[in-house]
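Below is one structure, written out as structure tokens; the observations come after it.
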Amino acid sequence: MNAVVLVGGEGTRLRPLTYALPKPMLPVVERPMIARVLEWLALHGVTTAVLSLGYQPDAFVDAFPDGGWAGVELRYAVEPEPLDTGGAIRFAACSAGIEGSTMVVVNGDVLTDLDLGALLAFHRQSGGDASIALTAVEDPSAYGVVPTDDDGRVLAFIEKPPREDAPTNHINAGTYVLEPAVLDRIASGRRVSVEREVFPSLVEDKRLFALGSSVYWLDTGTPDRYIRAQVDVLNGCRPGVALPECSRHGDGVFVAPGGSLAGDVTRCAFVGRGASVERGASVADVVVGASAHVEPGARLRHCVLLPGAVVRADAVVEESVVGPHAIVGAGAWVTGGSVVGAAAVVDDGARLDSARLPV
Ligand code: GDD
Ligand code: MG
């Protein structure tokens, strides 16, 4: 089976981290998110994946010098300009020469344990031109909302409606099976949104179906969800997902070779290669990337430190992401979904709440 993986977006909600690395190249417990997506596709029989690229394409090409990962052959389709999701699917399929057969399409920022085989079987049985995987969320307003009838026929596709207008909390999980006929509905050479143009036109012709499931699913596109994706690997929510080489120090607590954990841990933690959490520091639901350091008296909760980051004495980091080689100064507070960019410095005693540095 061939797949198109959409990874050309700019990752605006994770800026400034995504100035240095495109979103799917950001690590999820020490492994690039895209590698985890490819591992999931491989598990379900995908043999060739076309990476649909636009923003910082070289980062992907450089990451897979052998042209493959987890047994999946990789091809690269680099858009001359952003074509939006629909335009990107058409461009990728055509430039890789896979436009003549049924294909799987996935949003490359989604981590899921979805059963692709079940979606393919449903697709063949329903006989539509396209089938979408659905998942249920509490607040559907940030997603494509997809009401269906009892047979799974899609009745409407409403991208990001106001919460009070959403007819259901079943949303587009960002995994599709498409027949070649769908590509004919996508104009070439201009931006086309699969969610706003292509799916509504398929609904009109009664050619779109959808299948719900309750398996693990997360779109990693915001700081909170990027952190949650990693804590979920530690807390046992995703038993099938591999951790990098490490030893287990209790429930949900892992230390990689050369890492040192002398501080207090409540709930989950991962301490990467050569990283340290010093005595007198405390961590809860935290990933400390390779060679990162947490000094005494620092308190960290529900956060991610990327490789080489430093949190100085008595600082507080909560619900936030600290970029590679960034420094959080002594006694500083970084809270409320803040994102500290690569090599940025939060001054001693400074307060950053729901903020980005640099802006
Ligand atoms: N190649 C390419 N070109 N890729 C793009 C482009 C583009 O112009 N624009 C976006 N993408 C990629 C992004 O990199 C991402 O992997 C995927 O398309 C979806 O874009 P997001 O920006 O993450 O969209 P979203 O999360 O707001 O909404 C989408 O995903 C939800 C599920 O996670 C929609 O498909 C929603 O309907 C859906 O519910
Ligand atoms: Mg997304």
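The values are calculated or read from the model by the stated rules, or taken from the named source; none is laboratory data. In this text, all values refer to a predicted model and were calculated from it rather than measured experimentally. Here the Cβ is made from the backbone with ideal geometry for all residues, glycine too, and neighbour counts use every protein chain on show.
Some observations on this one:
- Number of positions in segment 89-120 that are within 15 Å of ligand 2 (Cβ to nearest atom), touching a Phe, Trp or Tyr at 6+ places or on another chain (Cβ under 7 Å) and among the charged types (D, E, K, R): 0
- From 26, 53, residue being of a type outside the set (S, T, N, Q), in contact with a helix residue (DSSP H, G or I) (Cβ under 9 Å, 6 or more places away or on another chain) and farther than 22 Å from residue 234 by Cα: 53
- Boolean, residue 192 is surrounded by fewer than 23 Cβ atoms within 10 Å (Cβ to Cβ), in contact (Cβ under 8 Å) with a residue 60 or more places away in the chain and in the same structural domain as residue 22 (by TED's automatic domain parsing): yes
- Against the criterion of being crowded, with 20+ Cβ neighbours inside 10 Å, away from ligand 2 (no atom under 16 Å from the Cβ) and modelled with pLDDT of 95 or more, residue 177 qualifies.
- Residue count for segment 307-345, restricted to those that are of a type outside the set (A, V, I, L, M) and more than 22 Å from residue 231 (Cα to Cα): 4.
- Residue among 50, 106, 78 that is in contact (Cβ under 8 Å) with a residue 60 or more places away in the chain, surrounded by 16 or more Cβ atoms within 10 Å (Cβ to Cβ) and not acidic (Asp, Glu): 106
- Considering 339, 359, 346, 311, the condition of being under 22 Å from the mean Cα position of the chain (by Cα) and either over 19 Å from residue 285 (Cβ atoms) or of a type in the set (A, V, I, L, M) (or both) is satisfied by 339 alone.
- Tabulated pairs, segment 324-339, first at pLDDT 95 or above, second of a type in the set (Lys, Arg), C-beta under 6 angstrom, 6+ apart or interchain: 329/312; 330/312; 333/351; 339/356
- Residue match in segment 120-143 (condition: under 24 Å from residue 186 (Cα atoms), in contact with a strand residue (DSSP E or B) (Cβ under 6 Å, 6 or more places away or on another chain) and of a type in the set (Val, Ile, Thr)): yes
- Every listed requirement among (1) more than 16 Å from ligand 2 (Cβ to nearest atom); (2) surrounded by fewer than 16 Cβ atoms within 10 Å (Cβ to Cβ); (3) without any contact (Cβ under 8 Å) to a residue 40 or more places away in the chain is met by residue 160 save one, (1).
- Of all the numbered requirements in (1) within 12 Å of ligand 1 (Cβ to nearest atom); (2) in contact with a helix residue (DSSP H, G or I) (Cβ under 9 Å, 6 or more places away or on another chain), residue 113 misses one, and that requirement is (1).
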